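The values are calculated or read from the model by the stated rules, or taken from the named source; none is laboratory data. This structure is a prediction, so every number in the text was calculated from the model and none was measured. So basically every Cβ, Gly included, is an ideal-geometry build from the backbone, and we count neighbours across all protein chains shown.
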Amino acid sequence: MNESGTRKRAGGNASGAVQNLRLKLMVFALICALPLFGSLLFGLRGVSWVPMAAYGVVSVVAFLLYWSDKRKARVDAWRTPENVLHALELAGGWPGGLLAQHLFRHKTRKVSFQVVFWFIVLLHQVFWIDQLFLGGYVLALS
């Protein structure tokens, strides 16, 4: 409880507002820049519009699953398995997952989940750096 008698939410303020919103939005924009730019170039160059569509559609699905999982966690109902959330993130839904994590304060404190999540984000960044700046050379070596 805080001074006004309202219950304070763990990790945040009583109003439920996202803390450091401006900073979080700037970081979000920065880490989305490469995938957005790369997906747009792929589409405009006639390679494929699939990455652009996947980031959008799968992000919405991931966001909704995070929201549903948070609701289920509150009532102790059947939960969405973490590997399902991670599979969606890997398929391009990590932007939606990241937004949901911070809006719903869900999965933000579980270190093992965050390690896998940020590894997936890093994989996407490496893929687009390779595609945009190295001509796909690094990933083609495998």
Look at the range 72-98 and say how many of its residues are surrounded by 13 or more Cβ atoms within 10 Å (Cβ to Cβ) and either in a helix (DSSP H, G or I) or touching a Phe, Trp or Tyr at 6+ places or on another chain (Cβ under 7 Å) (or both).
-> 18
Residue under evaluation L44, criteria (1) closer than 22 Å to Q19 by Cα; (2) out of contact with any Ser or Thr (no Cβ under 7 Å at 6 or more places or on another chain); (3) of a type outside the set (V, I, T), criterion not met | (1)
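Per-residue answers, yes or no, for (1) of a type outside the set (D, E, K, R); (2) farther than 26 Å from L123 by Cα; (3) modelled with pLDDT of 95 or more:
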| position | (1), (2), (3) |
| --- | --- |
| W78 | yes, yes, no |
| N83 | yes, no, yes |
| L88 | yes, no, yes |
| A91 | yes, no, yes |
| G96 | yes, no, yes |
| R105 | no, no, no |
| T108 | yes, no, no |
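Each row is one residue, and each column tells you yes or no for (1) among the hydroxyl-bearing types (S, T, Y); (2) surrounded by 14 or more Cβ atoms within 10 Å (Cβ to Cβ); (3) free of Cβ contacts under 8 Å to residues at least 12 places away in the same chain; (4) not in a loop (DSSP other than H, G, I, E, B).
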{"position": "Q101", "(1), (2), (3), (4)": "no, yes, no, yes"}
{"position": "K107", "(1), (2), (3), (4)": "no, yes, no, no"}
{"position": "F119", "(1), (2), (3), (4)": "no, no, yes, yes"}
{"position": "F127", "(1), (2), (3), (4)": "no, yes, no, yes"}
{"position": "L132", "(1), (2), (3), (4)": "no, yes, no, yes"}
Within the range 20-71, track down each residue that is small (G, A, S) and not in a helix (DSSP H, G or I).
-> G46, S48
